[in-house]
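In what follows, a single structure is set out as structure tokens and then discussed.
The values are calculated or read from the model by the stated rules, or taken from the named source; none is laboratory data. Being a predicted model, the structure only gives us computed values, none of them experimental. Reconstructed Cβ throughout: ideal geometry from the backbone, glycine too, with neighbour counts over all protein chains shown. Side chains included, ligands, DNA and RNA excluded: accessible areas come from the protein's heavy atoms. Shrake-Rupley method; radii C 1.70, N 1.55, O 1.52, S 1.80 Å.
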Amino acid sequence: MFTKLASIGVSLSLIAGLAISPQVHAQNNKVVKLATTTSTENSGLLRAILPAFEQQSGYTVQVIATGTGKALRLASQGDVDVVMTHAPAAEAKFVADGFGTQPRGVMENDFVVLGPKSDPAGLQDAKSVQDAFNRIASKPSTFISRGDNSGTNMKELAIWKQAEIKTDFAGYTSVGQGMGKTLLMANELEAYTLTDRGTFVAYKTKLDLDIVFEGGKELANPYQIILINAEKYPELNHKGAQALSDWLTTPQTQAMINRYTVQGEQLFKATYQQ
């Protein structure tokens, strides 16, 4: 009888242990899963600054670099601990739908339109980015779109919509790739494309493309870090996510972001305000 009771007691203890293990694991977990955009990865920024966070905090950051749409989807499914993206409208919806909390602006750069040095569509004479896109479609010239529901792709599609242009003209090609591969394809095809400045600078030595249109508030590219709602997903590493969010917005880290350069060019401007 004692043996049976003892065995039952052990089983119940194991079941109880399993029942609380997700919370215990979350409290003790030293890995922070960050879903972010390919631009923060391709630019080299995260590789440059995250080792300092890991050394200071004891956490290890696992970076999942993908398009903004997929990054937010992973976050809404509770597959990552924190998300950092660059699509304000999609981020606002993510928070409004109850998936995200504590959105913080971390930094910004801008979008630029790249094209062949010969600039056959004459974008350098364009009066606005909508005018630039209209010139591409009217030629028509080859335009390579990421087509991956990333922040850059969302911005590109918004510009076409503002310009009242359908993307069914002969030169438009949607490739479903990240920014780096899209740039290489545009370069190979001597095509136009929209990119964030940071990835362009990082890939500059591999490209024979120039910036043919830039500037203006419409091409601003802000990045936010957003925590995941702990009530929806209590098992996530919220402590580690909060630590990363807090660290990215300290004056010291903001200064690191401002100091980060590639080929002598500053890629991001820190923007967090208390």
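Just checking, does the stretch 174-184 include any residue being under 19 Å from Lys33 (Cα atoms) and out of contact with any Ser or Thr (no Cβ under 8 Å at 6 or more places or on another chain)?
No, every residue in the stretch 174-184 fails to be under 19 Å from Lys33 (Cα atoms) and out of contact with any Ser or Thr (no Cβ under 8 Å at 6 or more places or on another chain).
Which of the residues that make up the stretch 124-140 are closer than 21 Å to Leu183 by Cβ, within 27 Å of the chain's Cα centre (by Cα) and in contact (Cβ under 8 Å) with a residue 40 or more places away in the chain?
Just the residues of the stretch 124-140 that are closer than 21 Å to Leu183 by Cβ, to begin with: 124, 126, 129, 132-133, 135-137, 139-140.
Of the ones still in play, those that are also within 27 Å of the chain's Cα centre (by Cα) are 129, 132-133, 136.
Residues satisfying the conditions are Val129, Ala132, Ile136.
Which ones in the stretch 117-148 are buried (at least 20 other Cβ atoms within 10 Å of the Cβ) and outside any helix (DSSP H, G or I)?
Those that are buried (at least 20 other Cβ atoms within 10 Å of the Cβ) and outside any helix (DSSP H, G or I): Ala121, Ser141, Thr142, Phe143, Ile144, Ser145, Arg146, Asp148.
Give the number of residues within the stretch 186-201 that are surrounded by fewer than 20 Cβ atoms within 10 Å (Cβ to Cβ) and closer than 23 Å to Asn109 by Cα.
Selection size over the stretch 186-201: 1.
Residues to consider are Gly215, Gly178, Gly147; find the one that is among the small types (Gly, Ala, Ser) and within 15 Å of Phe111 (Cβ to Cβ). Give the steps one after another, and end with the answer.
Details: Gly178 fails: within 15 Å of Phe111 (Cβ to Cβ); Gly147 fails: within 15 Å of Phe111 (Cβ to Cβ).
Only one candidate passes the filter, namely Gly215.
Do the conditions hold for Leu227, that is, is it within 22 Å of the chain's Cα centre (by Cα) and part of a strand (DSSP E or B)?
Against the criterion (within 22 Å of the chain's Cα centre (by Cα) and part of a strand (DSSP E or B)), Leu227 qualifies.
Can you tell me which of Lys161, Lys204, Lys239 is open to solvent by 60 Å² or more (accessible area, probe 1.4 Å), over 27 Å from Asp81 (Cα atoms), assigned to a helix (DSSP H, G or I) and touching a residue at least 40 places away in the same chain (Cβ under 8 Å)?
It is Lys204.
Inside the stretch 57-90, can you point out the residues that are assigned to a helix (DSSP H, G or I), hydrophobic (A, V, I, L, M, F, W, C) and open to solvent by 20 Å² or more (accessible area, probe 1.4 Å)?
Matches in the stretch 57-90: Leu74, Ala89, Ala90.
Yes/no matrix, rows are residues, columns are (1) within 16 Å of Thr85 (Cα to Cα); (2) of a type in the set (Val, Ile, Thr):
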| site | (1), (2) |
| --- | --- |
| Ala35 | yes, no |
| Ala52 | no, no |
| Ile64 | yes, yes |
| Gly67 | yes, no |
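If I filter the stretch 186-199 down to residues being modelled with pLDDT of 95 or more and assigned to a helix (DSSP H, G or I), which single residue comes out as nearest to the chain's Cα centre (by Cα)?
For the stretch 186-199, the residue satisfying everything is Ala186.
Output the residues belonging to the stretch 91-111 that are among the small types (Gly, Ala, Ser) and either within 19 Å of Asn149 (Cα to Cα) or open to solvent by less than 10 Å² (accessible area, probe 1.4 Å) (or both).
Hits for the stretch 91-111 are Ala92, Gly100.
Tell me, please, whether a residue that is closer than 24 Å to Arg146 by Cα, open to solvent by 30 Å² or more (accessible area, probe 1.4 Å) and in a helix (DSSP H, G or I) can be found in the stretch 209-220.
Looking through the stretch 209-220, at least one residue is closer than 24 Å to Arg146 by Cα, open to solvent by 30 Å² or more (accessible area, probe 1.4 Å) and in a helix (DSSP H, G or I).
I'd like to check something: does the stretch 244-253 contain any residue that is open to solvent by 60 Å² or more (accessible area, probe 1.4 Å) and more than 20 Å from the chain's Cα centre (by Cα)?
yes
Answer with yes or no whether Thr271 is touching a helix residue (DSSP H, G or I) at 6+ places or on another chain (Cβ under 9 Å), open to solvent by less than 40 Å² (accessible area, probe 1.4 Å), under 26 Å from Ile49 (Cβ atoms) and of a type in the set (Ser, Thr, Tyr).
It is false that Thr271 is touching a helix residue (DSSP H, G or I) at 6+ places or on another chain (Cβ under 9 Å), open to solvent by less than 40 Å² (accessible area, probe 1.4 Å), under 26 Å from Ile49 (Cβ atoms) and of a type in the set (Ser, Thr, Tyr).
If I ask for residues that are surrounded by 22 or more Cβ atoms within 10 Å (Cβ to Cβ) and either in a strand (DSSP E or B) or at pLDDT below 95 (or both), which ones from the stretch 172-185 would you list?
Met179
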